[in-house]
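The values are calculated or read from the model by the stated rules, or taken from the named source; none is laboratory data. Everything numeric here is computed off the predicted structure, so don't read it as measured data. We place every Cβ from the backbone using ideal geometry, glycine too, and count neighbours over all the protein chains shown. In case anyone asks, the SASA skips ligands and DNA or RNA and just uses the protein heavy atoms, side chains included. Shrake-Rupley method; radii C 1.70, N 1.55, O 1.52, S 1.80 Å.
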There are 2 protein chains.
Amino acid sequence: MKYGIVIFPSKRIQDFANSYRKRYDSHYALIPPHITLKYPFEADEEKLKAMAKELHRIAAKTPPIPIKVTKFSSFYPTSNVIYLKVEPNDVLERLHEQLHSGLFSGQPEFVFVPHITIGRDLPSGEYADVYSQLKLQDVHFEETVDRFHLLYQLDNGSWTVYETFIVGGKETV
Amino acid sequence: MKYGIVIFPSKRIQDFANSYRKRYDSHYALIPPHITLKYPFEADEEKLKAMAKELHRIAAKTPPIPIKVTKFSSFYPTSNVIYLKVEPNDVLERLHEQLHSGLFSGQPEFVFVPHITIGRDLPSGEYADVYSQLKLQDVHFEETVDRFHLLYQLDNGSWTVYETFIVGGKETV
């Protein structure tokens, strides 16, 4: 089965992102607005249990995660993806690193650029139009999130949450 | 904010349900296939923390949850909803009861009929056609799930998972 690890920002950021995703993001219906910590990877049932355990361990040692959204940006010319830029910080960097070593080994495909995608698969003309408008807009969100999620993918491409991991050793068991 | 509590059955049941939901369920893109334990309710940030704590407590005392899907059924004439029937059992009943008492007080709106919706908002003619075909089909899934989820609703009607609760005191913190 295919798994991924993401952060869902607060409802207000998700609602803001969705107001654009609705029009510009072909994945709008497949997953709520998110920051990808680890791109889709294959794992079986057995590895899954070990991973969940390790993710609890990592979460317990991770402090609350600062999320600061500062502007619209784009991966052009690599791709036509338009996104909300999330400022890098030590907590995000460290978390990303831990999710790509040990049990989660494997080099990340790309340098880690934390972001919330709001547009993809746009034809070049539309991409240029939309992005030229968006990049002029002021955006500012600042918050702290205290959890991340392990998800699995269904046959239709959509994602279901498998488990939540609360950071800072705040698990309320 | 609006919250709800659901069980996501295994991927194979979700994929099976989605093969119908895609055509027949207007909520297909809003949430993965699920069994509703508690219908949408309002809660604020403060109540949320207390609820999460209580849900961990309830989960720790809940054994693994048997899920047995036995046929297509319908809420007609109450509504045109078509669903996969989940056989009631003591664990589901007890969980449902606990999610409607104490901190979660409030009578359930309906008698608890555990189910996975696969069709809704169909015009009567189409409903009758589709249901007359589906009810003849053999369906049989049997499994045990070890978790349920607390979700919140975004402005576009879709649902994001807030937290996972693992039953049977198996939390791996």
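How large is ³J(HN,Hα), in whole Hz, for each residue of region A:149-159 in order, when computed from phi with the Karplus curve 6.51 cos²θ - 1.76 cosθ + 1.60 and θ = phi - 60°, using x for Gly and Pro?
My calculation for region A:149-159 gives 10, 9, 10, 10, 9, 8, 4, 7, x, 7, 10 Hz in order.
Given label points at 7 Å from Cα along Cα→Cβ, what nm distances, shortest first, separate B:LYS2 from the same residue in every other copy?
3.0
Measure nothing fancy, just the Cα-based angle from helix B:11-24's long axis to the longest principal axis of chain B, in degrees from 0 to 90, nearest 10.
50
Using helices alone, I'd like the mean residue ellipticity at 222 nm for chain B: each DSSP H run of four-plus residues gives -39500 (n - 2.57), total over residue count, nearest 500.
About -9000 deg cm²/dmol.
Cβ under 10 Å from A:LYS71's Cβ, A:LYS71 left aside: what net charge do those residues give with Lys, Arg +1 and Asp, Glu -1?
Once all neighbours under 10 Å are counted, the net charge is 0.
What gaps in nm, shortest first, separate B:GLN107 from its twins in the other copies when you place the label 7 Å past Cα toward the beta carbon?
Computed spacing set for this position: 6.5 nm.
Magnitude of the Cβ-charge dipole of region A:113-168, K/R +1 and D/E -1, about the Cα centre, nearest 20 debye?
Dipole about the Cα centre, nearest 20: 100 debye.
Taking Cα atoms, how many degrees apart are the long axis of helix B:124-134 and the longest axis of chain B, rounded to 10 and kept between 0 and 90?
80
Rg and Dmax of chain B over Cα atoms: what are they, in angstrom?
16.2, 52
When only C-alpha pairs under 8 Å and at least 6 residues apart count, what is the relative contact order of chain B, in percent?
With pairs under 8 Å counted, the relative contact order is 34 percent.
With the dipole of region A:3-64 worked out from charges on the C-beta (+1 for Lys and Arg, -1 for Asp and Glu) around the Cα centre, which of A:THR36, A:ILE13, A:ILE58 lies farthest toward the positive end?
So the residue we want is A:ILE13.
Quick one: what Rg and Dmax do you get for the protein assembly as shown from the alpha carbons, in Å?
Considering the protein assembly as shown through its Cα atoms, Rg and Dmax are 20.7, 58 Å.
For A:SER105 and A:ALA50 in one chain, what is 0.36 nm times their gap in residues minus the Cα-Cα distance, to one decimal in nm?
Result for the pair: 18.5 nm of gain on full extension.
For B:LYS85, what charge total do you get from the other residues with a beta carbon under 12 Å from its beta carbon, if Lys and Arg give +1 and Asp and Glu give -1?
Here the charged neighbours net out to +2.
When only Cα pairs under 8 Å and 6 or more residues apart are kept, what is the percent relative contact order across region A:80-173?
For region A:80-173, the relative contact order is 24 percent.
Cα axis of helix B:45-60 to longest principal axis of chain B: angle in degrees, 0 to 90, nearest 10?
With both axes taken from Cα atoms, the answer is about 80 degrees.
Quick one: dipole size for chain B, taken about the Cα centre, charges +1 on Lys/Arg Cβ and -1 on Asp/Glu Cβ, in debye to the nearest 20.
280
With every protein chain in place, what's the accessible area of A:GLU45 (1.4 Å probe, Å², nearest 10)?
110
Over the alpha-carbon set of region B:64-132, work out the extent along each principal axis and list the three values in angstrom, largest first.
43, 25, 14
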